[in-house]
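Since the structure comes first, as structure tokens, the remarks are kept for the end.
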Ligand code: AMP
């Protein structure tokens, strides 16, 4: 019997634990909050902080492998555990994805384009960066941003002072504004044997920085699709990565691809794989981090995944009555604005 330890207790951990259960694998959730969505469907749970070495040691003894369900797990925690038990993704991969400057430097260093960017620690840095890559841009905190949080849009140099103040002293990065045609993502998996499997790229719509829908397949031509898959493969191989990763990309006019960010975990834009493929991203991740062979990522159907955010939860009675709607609820109590409460996937006959 294998027990997989998961750092983090959110909906991604919950769906990982349910996929693991199908393979006869028990999960042990480690997170600071009691009664987390993931713990409530798992065999065991530890409620402790990510720097609690005593609790981490006991956790390492209780599991056969460890993974993470969110990218802001301290790299030091992954490193502490890795001295005791296999941990995937590695502390190094987490460190790169946690810092936008490290992430963009890594991507550019392996020949992958991003929006132009400059590191910003002072207002002078910001003004100089706007001069070079502006006038429009997005100022983002280097660390701990998600779902559009920690980001400010600038229309020109007149917005610099206010945008800089919004960073509240946190190190930041200015990105040139990418006038993209569409946003896509590739969910890629790499096994301990180095095998790489990618799912069909999905096309993503956001509002207020939060993912609303993913539609598969993305409306891109074959050359762009193949370039996107090749990019994802290059990233996971260069990171010597094990597990599932989400690679978010902007498709520019003419088909050029810029990578926006990489998420070293299962990804919201891959939820459609639960119904659209024989082996979902969650099962694929469990297979990878437990050292099992990867499964077939081919889709048998096209799909549209829609997030249920905040008050969208009020549509659940209608969704329960809708033929063909595959509903997932995360068991979160309080439907705060912007909070991901669940999602629904609708399959369509596969075209192409
Ligand atoms: P992020 O948190 O970096 O994934 O950004 C959230 C969303 O903001 C992205 O999915 C895009 O829709 C938008 N966005 C982020 N960076 C840029 C950029 N450099 N240019 C244009 N839009 C962006």
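Can you confirm whether residue 128 is without any contact (Cβ under 8 Å) to a residue 12 or more places away in the chain and either assigned to a helix (DSSP H, G or I) or in the same structural domain as residue 286 (by TED's automatic domain parsing) (or both)?
yes
Run down 236, 247 and say which single residue is under 16 Å from residue 180 (Cβ atoms), in the same structural domain as residue 297 (by TED's automatic domain parsing) and outside any loop (DSSP other than H, G, I, E, B).
247
Quick check on this structure: which one of 68, 77 is touching a residue at least 40 places away in the same chain (Cβ under 8 Å), within 22 Å of residue 248 (Cβ to Cβ) and buried (at least 18 other Cβ atoms within 10 Å of the Cβ)?
That would be 68, the only listed residue that is touching a residue at least 40 places away in the same chain (Cβ under 8 Å), within 22 Å of residue 248 (Cβ to Cβ) and buried (at least 18 other Cβ atoms within 10 Å of the Cβ).
Just to verify a result, which residue in region 323-341, among those that are without any contact (Cβ under 8 Å) to a residue 60 or more places away in the chain and assigned to a strand (DSSP E or B), is surrounded by the most Cβ atoms within 10 Å (Cβ to Cβ)?
Going through the qualifying residues, I end up with 341.
From the list 160, 188, 179, which one is under 30 Å from residue 303 (Cα atoms) and crowded, with 20+ Cβ neighbours inside 10 Å?
The conditions single out 188.
Which ranges mark the strands (runs of 3 or more DSSP E) fully within region 138-206 that have 1 or more residues being within 11 Å of the ligand (Cβ to nearest atom) and either under 22 Å from the mean Cα position of the chain (by Cα) or more than 18 Å from residue 265 (Cα to Cα) (or both)?
In region 138-206, 151-154, 172-176, 182-190 are the strands (runs of 3 or more DSSP E) which contain 1 or more residues that are within 11 Å of the ligand (Cβ to nearest atom) and either under 22 Å from the mean Cα position of the chain (by Cα) or more than 18 Å from residue 265 (Cα to Cα) (or both).
Among the residues in region 302-322, are any in a loop (DSSP other than H, G, I, E, B) and farther than 30 Å from residue 137 by Cα?
Looking for residues that are in a loop (DSSP other than H, G, I, E, B) and farther than 30 Å from residue 137 by Cα, one finds at least one in region 302-322, hence yes.
Restricting region 207-217 to residues that are in a loop (DSSP other than H, G, I, E, B) and at pLDDT below 95, which is farthest from the ligand (Cβ to nearest atom)?
If we take residues in region 207-217 being in a loop (DSSP other than H, G, I, E, B) and at pLDDT below 95, then 208 is farthest from the ligand (Cβ to nearest atom).
Since residue 112 meets every condition but one in (1) touching a residue at least 24 places away in the same chain (Cβ under 8 Å); (2) buried (at least 17 other Cβ atoms within 10 Å of the Cβ); (3) more than 30 Å from residue 166 (Cα to Cα), which condition does it not meet?
(3)
A quick yes/no check of all residues on (1) away from the ligand (no atom under 12 Å from the Cβ); (2) closer than 21 Å to residue 342 by Cα; (3) surrounded by fewer than 21 Cβ atoms within 10 Å (Cβ to Cβ):
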{"position": "226", "(1), (2), (3)": "yes, no, yes"}
{"position": "236", "(1), (2), (3)": "yes, no, no"}
{"position": "258", "(1), (2), (3)": "no, no, yes"}
{"position": "285", "(1), (2), (3)": "yes, yes, no"}
{"position": "288", "(1), (2), (3)": "yes, no, no"}
{"position": "293", "(1), (2), (3)": "yes, no, yes"}
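Out of all the residues in region 31-65, which are in contact with a helix residue (DSSP H, G or I) (Cβ under 6 Å, 6 or more places away or on another chain) and within 24 Å of residue 274 (Cα to Cα)?
37, 38, 41, 42, 65
Taking the condition at negative phi, assigned by TED's automatic domain parsing to the domain that holds residue 339 and surrounded by fewer than 22 Cβ atoms within 10 Å (Cβ to Cβ), does residue 208 pass?
No; evaluated as a whole, the condition is false for this residue.
The rows are residues; the columns are (1) farther than 26 Å from residue 339 by Cα; (2) at pLDDT 95 or above; (3) buried (at least 22 other Cβ atoms within 10 Å of the Cβ).
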site	(1), (2), (3)
10	no, yes, no
14	no, yes, yes
20	no, yes, yes
28	no, yes, no
34	no, yes, no
45	no, yes, no
53	yes, yes, no
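Identify, by number, the condition in (1) surrounded by 17 or more Cβ atoms within 10 Å (Cβ to Cβ); (2) away from the ligand (no atom under 16 Å from the Cβ); (3) in contact (Cβ under 8 Å) with a residue 24 or more places away in the chain that residue 279 doesn't meet.
Every condition holds for residue 279 apart from (3).
The values are calculated or read from the model by the stated rules, or taken from the named source; none is laboratory data. Quantities reported herein were computed from a predicted structural model and do not represent experimental measurements. No Cβ is skipped: glycine too gets one built from the backbone with ideal geometry, and neighbour counts run over all protein chains shown.
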